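Right, one structure below, let's go through it.
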Amino acid sequence: MNETMVTLVGNVATQVEWRETATGGVARFRLAVTARRFDREKQSWADGATSFYTVWAARALGMNLTGSVAIGEPVVVHGRLKVRDEDRKDGPRRFSADVDAVAVGHDISRGTSAFRRVFKGEARPVERAGPQGEDARRAPDSDALSAKDIPAVVWESATSAAETVPPTPF
């Protein structure tokens with residue numbers, strides 16, 4: 001099987017879902033990637049077609065995703081592309097694209113992000129604040145899901161940041 005490594009820049013289109021499996025935990029979400037090009041005649045940027053990818057992340061990467069990204073946020077995903085095609089008896093042939101993520105991060109060309117290291121064995125699940133809370137992670141105009149419908153999980157270190165980050169020398 002030929003594996004192709006890709007780097008995709010887009011927006012999180014669905015809530016990150018976490019599931020425990022026999023081989024460890026796995027998370028998944030849908031990523032919307034819209035091509036942009038500069039239209040010289042109009043002297044402006046124009047959006048092209050949007051492609052959707054299912055992003056899969058195993059173990060620690062998946063666990064950390066559940067508390068780090070939310071619907072609508074811009075992210076960069078690097079991983080192995082897997083294109084599947086299905087011959088369907090009841091309809092046309094379908095294609096889908098999955099990415100087995102190696103790394104995922106916020107696209108900080110479009111905003112800021114703060115990194116918080118989680119040391120192995122120190123991660124623990126905690127509830128995230130709802131839509132009116134300070135840490136609300138849902139897109140402001142998203143009516144697709146209610147915070148009550150989805151158990152939000154944040155994985156944070158049991159050690160305080162002051163104990164894990166050495167003081168700056170200047």
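Some points to look at:
- Counted residues, region 1-28 - those being without any contact (Cβ under 8 Å) to a residue 24 or more places away in the chain and within 14 Å of V99 (Cα to Cα): 1
- Neighbours by Cβ (under 7 Å, 6+ apart or cross-chain): first from region 40-54, of a type outside the set (G, A, S); second outside any strand (DSSP E or B): F52/A13
- Among strands (runs of 3 or more DSSP E) entirely within region 1-72, having at least 3 residues that are open to solvent by 90 Å² or more (accessible area, probe 1.4 Å) and over 25 Å from R117 (Cα atoms) singles out 44-58.
- Residue in region 80-93 that is small (G, A, S), open to solvent by 40 Å² or more (accessible area, probe 1.4 Å) and over 15 Å from the mean Cα position of the chain (by Cα) present: no
The values are calculated or read from the model by the stated rules, or taken from the named source; none is laboratory data. This is a predicted model, so every value here is computed, not measured. Using ideal geometry, Cβ is built from the backbone for each residue, glycine included, and neighbour counts are taken over all protein chains shown. Surface areas here come from the heavy atoms of the whole protein model, side chains and all, with no ligands, DNA or RNA. Shrake-Rupley method; radii C 1.70, N 1.55, O 1.52, S 1.80 Å.
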